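Have a look at the structure below before the remarks.
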Amino acid sequence: MAKRTIISSSVFVVKEILELSLNPWVIPFTLMTVLCCIYWLLALLGTIDMDALDIDLDLDSDADFDGDVGNGGGGMFTSFLKFVNATDVPLMIVVTFLSLGMWFSSLVGVYIFKPEGNWLLPLVIWLVGFVVSCLVIAVITKPLIPLFRAFKKGEDDEEPIIGCESEVVTGRLTESFGQVRVFRKHGAPALINCRLAEGDESLKKGDRVVVISRDEEAGVYVVKQI
């Protein structure tokens with residue numbers, strides 16, 4: 001009897017979670033979490049390039065900020081990326097944790113407050129969930145920074161990046177934001193976070209640059225137009 005009760009309780013909990021996951025205020029983050037799971041599954045199977053989505057996200061964000069608030073927006077976005085350690089660990093790790101955090105906080109918030117017909121309360125739940133998720137992400141990804149920095153350093157030692165020709169892959173490359181693809185003689189091209197040398201004018205996607213140094217404190221490379 002006790003075993004049957006436990007099974008019935010488990011089924012009820014799972015059913016409740018599924019129903020809450022399909023709530024209109026939770027389903028966006030349910031879909032995001034599912035997409036993240038599919039991404040990692042494909043990456044594990046080797047059928048998707050783990051750098052591909054990083055480029056697309058940077059392109060979209062850079063374009064939005066350039067169109068709305070110019071270089072100031074790019075600096076704000078870069079500061080946010082640094083806060084959640086997305087400049088030191090793979091961006092998809094941050095996106096996955098953020099999706100899980102928003103899904104869980106929205107699910108709990110809807111379960112507790114039941115905001116049917118009230119659109120303001122769910123927005124508050126989203127905002128609180130976003131802030132808390134970012135704080136948690138900043139804490140749990142911090143121990144991963146030395147690991148990924150060591151990994152990148154090992155790649156650089158194998159084939160130095162400084163002095164290599166590269167191509168801008170983000171919408172714009174400025175003194176505060178951008179990424180380039182480095183063409184190496186051996187192995188696949190490398191995607192790196194970088195900044196323009198001080199005094200250089202901003203560049204656009206497709207422009208050619210050369211890597212001239214590395215800012216160890218910021219953890220990014222410095223490039224100059226060819």
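Extending 7 Å from the Cα toward the beta-carbon at both LYS142 and ARG181 defines two label points whose distance is 3.6 nm.
Given a Förster radius of 25 Å and the C-beta distance between ASP207 and PHE83 as r, what FRET efficiency does 1/(1 + (r/R0)^6) yield to the nearest 0.05? That gives a FRET efficiency of 0.30.
Relative to the current alpha-carbon distance between LYS114 and ASP215, full extension at 0.36 nm per residue lengthens the span by 31.4 nm. Students often get this wrong, so check it: of LYS15/LYS142; LYS82/LYS224; LYS82/LYS204; LYS142/LYS185; LYS185/LYS224, which have C-alpha atoms separated by over 26 Å? With Cα atoms farther than 26 Å apart: LYS15/LYS142; LYS142/LYS185.
Shown here are the Rg and Dmax of the Cα trace of the range 160-225, at 10.6, 33 Å.
Values quoted throughout were computed directly from the atomic coordinates according to the rules given, and no laboratory measurement underlies them. Worth saying up front: this structure is predicted, and the values here are computed from it rather than measured. Glycine gets a Cβ as well: all are built from the backbone with ideal geometry, and neighbour counts include every protein chain shown.
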